[in-house]
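Asker: Have a look at this one.
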Amino acid sequence: MSADSSLSKVTVNPAVDGSELIRFDKVTKRFGANTVLDALDFTVSSGKHVTLIGPSGSGKTTILRLLMTLARPDEGTIRVGGEYLTHEERGGRLVPAGEKHVREVRKNIGMVFQQFNLFPNMKVMRNITEAPVHVLGLSADEAEERARGLLELVGLTEHADKFPTQLSGGQQQRVAIARALAMRPQVLLLDEVTSALDPELVAGVLDVLRDIARTTDITMLCVTHEMNFARDISDDVLMFDAGRVIESGPPEKIFNDPDQERTRQFLSAVL
Amino acid sequence: MTGPLWVLLLKGAWITVQLMLYSAALAAAVAFGIGLARTSRLWIVRFLSGVYVEFFRGTSALVLMFWLFFALPLLGWQLAGLWAGTLALGLSYGAYGSEVVRGALQSVPAAQREAAVALSFSPWQRLRKVILPQAVPEMMPPFNNLLIELLKGTALASLLSIGELTFEAKLARLSTGESAQVYGIILVMYFVIAFVVTRVMRLLERRAKASVGQASLAGGGHR
Ligand SMILES: Nc1ncnc2c1ncn2[C@@H]1O[C@H](COP(=O)(O)OP(=O)(O)OP(=O)(O)O)[C@@H](O)[C@H]1O
Ligand SMILES: [Mg+2]
């Protein structure tokens, strides 16, 4: 799928030494009376590929949305690269972050959505270049060159000049991956990125993600029901239930010999 | 009908078109301003813009026109008839238009805003680059209807003795006594103006749709 020459153009921000990049501290999120995340703690080390698994409604999407600052926690703090996502330090105290601070830290994070969410009013090329130009301040030429490298990576070089509606779901999702990577985030969030696709289009998207996992040092946080894919790319698998991590470990351990009965049940239902 | 009477009616038609265009420009500005304000995150902005809409929807454009033309001078401002008419029509139809703008903004899926947030666009960039380009094509058909309504509303200005089409028709009728003929002619004139307006709006709609990659749909003539 990808020529190795194109990969030099998709380097991501340097890792913050091999240490922790994402840290959730006692994060609680409620929707009305429904406590979705309950004093959740977990960390992700820089450069790691972590897969979140768990039953429907266990809060996997909520975790990614909190990281993308699309939602705010009710309690607790989230840090990315040592920076608070939701708070600012002022005079030694933590106060809720203002819009400006949030926008700054959010640049380190990219997200790919289940429904692609490409901008239908922009052609493929502009979908990818718009934010690098207007948010990061790249020149149009720089942004286009970066976009061409990424389109090559996702195998869509010849589609740069099309509108999203002219592409298949699988192609749209690959554009969305390129669009997220064009911002060179430290963290890439992937929320069931293949579950809206026709079965025959899933493999192409997963291949692209495997490539990215293998050849870049980007940190990936991935929600998926594709267990083979999770097994391939994950350094760690976190099993969620009822708003908590009930078990975590390398994929061989979680998939072959989980400690928790709940994990066993869940896996036997989805595998 | 004699030549001079035709000139009278054509001049009236021209004033009508002017009045319509000025009012439409003001109404569009009001519609976008108030429509955006109604989706604001600040409750006070939402509240005040809501008050505006309720007030101007609830008052008749005619009374407003009379007030601007006959009452305002008592407070020391004398507005020319054309401007009183423009102001009254623009402010009222702007209130209706703001509901169209608000509806169209809300019709853009929330996921589009979230995708723009994920790319760190500022609120203004989200609006200008993502939301508005998708919302504007949605606004075109209802804007077309409002514009036709506005065109008909310009006849109210005849009551301020502005020399627009209806007013000139009254003069023509008084001088000739040919009621059926004169009113028949202006009926056709209004229709022709409305027809042109609709054509232009369709064109704009197609353009707006093409700019969001829906060119093929727009040609289908649905809606
Ligand atoms: N905006 C919201 N308003 C109210 N409740 C919500 C909202 N978003 C999520 N929830 C609730 O939070 C819980 C967790 O949802 P979430 O989408 O995070 O689950 P998930 O693990 O991603 O599930 P799935 O596998 O079905 O995608 C669910 O009970 C859901 O109904
Ligand atoms: Mg989910």
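Read the figures in this text as sums done on the coordinates, not as results from a lab. Please read these numbers as outputs of a predicted model, since none were measured by experiment. Please note: Cβ atoms are built from the backbone with ideal geometry, for glycine as well, and neighbour counts cover all protein chains shown.
Asker: How do the helices (runs of 4 or more DSSP H) wholly within the range A:165-248 filter down when requiring 2 or more residues that are in contact with a Gly (Cβ under 8 Å, 6 or more places away or on another chain): which remain?
Answerer: Values: elements: A:169-181, A:199-215, A:227-233.
The qualifying helices (runs of 4 or more DSSP H) are A:169-181, A:199-215.
Asker: If you don't mind, there's one more thing I want to ask. Which residue is farthest from ligand 2 (Cβ to nearest atom), if the candidates are limited to the range A:55-66 and must be crowded, with 22+ Cβ neighbours inside 10 Å and within 14 Å of another protein chain (Cβ to nearest Cβ)?
Answerer: Among those that are crowded, with 22+ Cβ neighbours inside 10 Å and within 14 Å of another protein chain (Cβ to nearest Cβ), it is A:L66.
Asker: Got a sec? Which of A:T215, A:T219, A:T194 is within 16 Å of ligand 1 (Cβ to nearest atom) and either within 22 Å of A:E83 (Cβ to Cβ) or polar (S, T, N, Q) (or both)?
Answerer: Values: A:T215 fails: within 16 Å of ligand 1 (Cβ to nearest atom); A:T219 fails: within 16 Å of ligand 1 (Cβ to nearest atom).
Exactly one residue qualifies, and that residue is A:T194.
Asker: Please indicate, with yes or no, whether at least one residue in the range A:180-191 is surrounded by fewer than 19 Cβ atoms within 10 Å (Cβ to Cβ), out of contact with any His (no Cβ under 9 Å at 6 or more places or on another chain), more than 10 Å from chain B (Cβ to nearest Cβ) and over 17 Å from A:D207 (Cα atoms).
Answerer: yes
Asker: For residues that are assigned to a loop (DSSP other than H, G, I, E, B) and surrounded by 21 or more Cβ atoms within 10 Å (Cβ to Cβ), scanning just the range A:109-119, find the one that is nearest to the other protein chains (Cβ to nearest Cβ).
Answerer: First pass over the range A:109-119, keeping only residues assigned to a loop (DSSP other than H, G, I, E, B): A:113-119.
Going one step further and asking which of them are surrounded by 21 or more Cβ atoms within 10 Å (Cβ to Cβ), we end up with A:113, A:116-119.
Details: A:F113: 7, A:F116: 9, A:N117: 4, A:L118: 8, A:F119: 6 Å.
It comes out as A:N117.
Asker: Hey, another quick one. Out of the residues in the range A:120-158 meeting the condition of being among the small types (G, A, S), under 23 Å from B:L132 (Cβ atoms) and more than 8 Å from chain B (Cβ to nearest Cβ), tell me which one is surrounded by the most Cβ atoms within 10 Å (Cβ to Cβ).
Answerer: So in the range A:120-158, the residues among the small types (G, A, S) come out as A:131, A:137, A:139-140, A:143, A:147, A:149, A:155.
Next cut, under 23 Å from B:L132 (Cβ atoms) only: A:131, A:137, A:140, A:143.
Now drop any that are not more than 8 Å from chain B (Cβ to nearest Cβ), which leaves A:137, A:140, A:143.
On the way: A:G137: 9, A:A140: 10, A:A143: 22.
The residue in question is A:A143.
Asker: Could you check how many residues of the range A:34-56 are within 15 Å of ligand 1 (Cβ to nearest atom), touching a residue at least 12 places away in the same chain (Cβ under 8 Å) and assigned to a loop (DSSP other than H, G, I, E, B)?
Answerer: Here the count works out to 2.
Asker: Name the residue, out of A:F255, A:F240, A:F229, that is among the aromatic types (F, W, Y) and touching a strand residue (DSSP E or B) at 6+ places or on another chain (Cβ under 7 Å). Reasoning before the result, please.
Answerer: Details: A:F255 fails: touching a strand residue (DSSP E or B) at 6+ places or on another chain (Cβ under 7 Å); A:F229 fails: touching a strand residue (DSSP E or B) at 6+ places or on another chain (Cβ under 7 Å).
Of A:F255, A:F240, A:F229, the one residue that is among the aromatic types (F, W, Y) and touching a strand residue (DSSP E or B) at 6+ places or on another chain (Cβ under 7 Å) is A:F240.
Asker: Do you know which of the residues in the range A:120-139 that are free of Cβ contacts under 8 Å to residues at least 40 places away in the same chain and not in a loop (DSSP other than H, G, I, E, B) is farthest from A:Q171 (Cα to Cα)?
Answerer: Only one residue fits best here, namely A:H134.
Asker: So the check is Cβ under 9 Å with 6+ separation or different chains; which pairs have a first residue in the range A:179-200 that's without any contact (Cβ under 8 Å) to a residue 40 or more places away in the chain and a second one that's surrounded by fewer than 20 Cβ atoms within 10 Å (Cβ to Cβ) and of a type in the set (S, T, N, Q)?
Answerer: Partner pairs satisfying both residue conditions: A:T194/A:Q114; A:L197/A:S168; A:D198/A:S168.
Asker: Looking at (1) more than 24 Å from A:D235 (Cα to Cα); (2) in contact with an Asp or Glu (Cβ under 7 Å, 6 or more places away or on another chain); (3) more than 13 Å from ligand 2 (Cβ to nearest atom), which is the one condition that is false for A:V102?
Answerer: Failed condition: (2).
Asker: Right, another one. Which members of the range B:58-70 meet the condition of being free of Cβ contacts under 8 Å to residues at least 40 places away in the same chain and either within 19 Å of the chain's Cα centre (by Cα) or not in a helix (DSSP H, G or I) (or both)? Working first, answer last.
Answerer: Initial filter on the range B:58-70 (free of Cβ contacts under 8 Å to residues at least 40 places away in the same chain): B:58-60, B:63-64, B:67-68, B:70.
Passing the criteria: B:G58, B:T59, B:S60, B:V63, B:L64, B:L68.
Okay, residues lined up against (1) in contact with a Leu (Cβ under 6 Å, 6 or more places away or on another chain); (2) polar (S, T, N, Q); (3) under 17 Å from A:I22 (Cβ atoms):
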| position | (1), (2), (3) |
| --- | --- |
| A:L52 | yes, no, yes |
| A:G59 | yes, no, yes |
| A:I63 | no, no, yes |
| A:L70 | no, no, yes |
| A:D74 | no, no, no |
| A:T77 | no, yes, yes |
| A:R90 | no, no, no |
| A:P96 | no, no, no |
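Asker: Another question, then. Out of A:I254, A:I233, report the one residue that is touching a His at 6+ places or on another chain (Cβ under 8 Å) and away from ligand 1 (no atom under 16 Å from the Cβ).
Answerer: A:I233
Asker: Same structure, new question: Exactly one of (1) within 14 Å of chain B (Cβ to nearest Cβ); (2) within 15 Å of ligand 1 (Cβ to nearest atom) is unmet by A:G98. Its number?
Answerer: All conditions pass for A:G98, except number (2).
Asker: So which residues in the range A:169-211 are within 16 Å of ligand 2 (Cβ to nearest atom) and on the phi > 0 side of the Ramachandran plot?
Answerer: Within the range A:169-211, A:E192 is the sole residue that qualifies.
Asker: Among the residues in the range B:13-31, are any over 19 Å from B:T166 (Cα atoms), touching an Asp or Glu at 6+ places or on another chain (Cβ under 9 Å) and not hydrophobic (A, V, I, L, M, F, W, C)?
Answerer: No, every residue in the range B:13-31 fails to be over 19 Å from B:T166 (Cα atoms), touching an Asp or Glu at 6+ places or on another chain (Cβ under 9 Å) and not hydrophobic (A, V, I, L, M, F, W, C).
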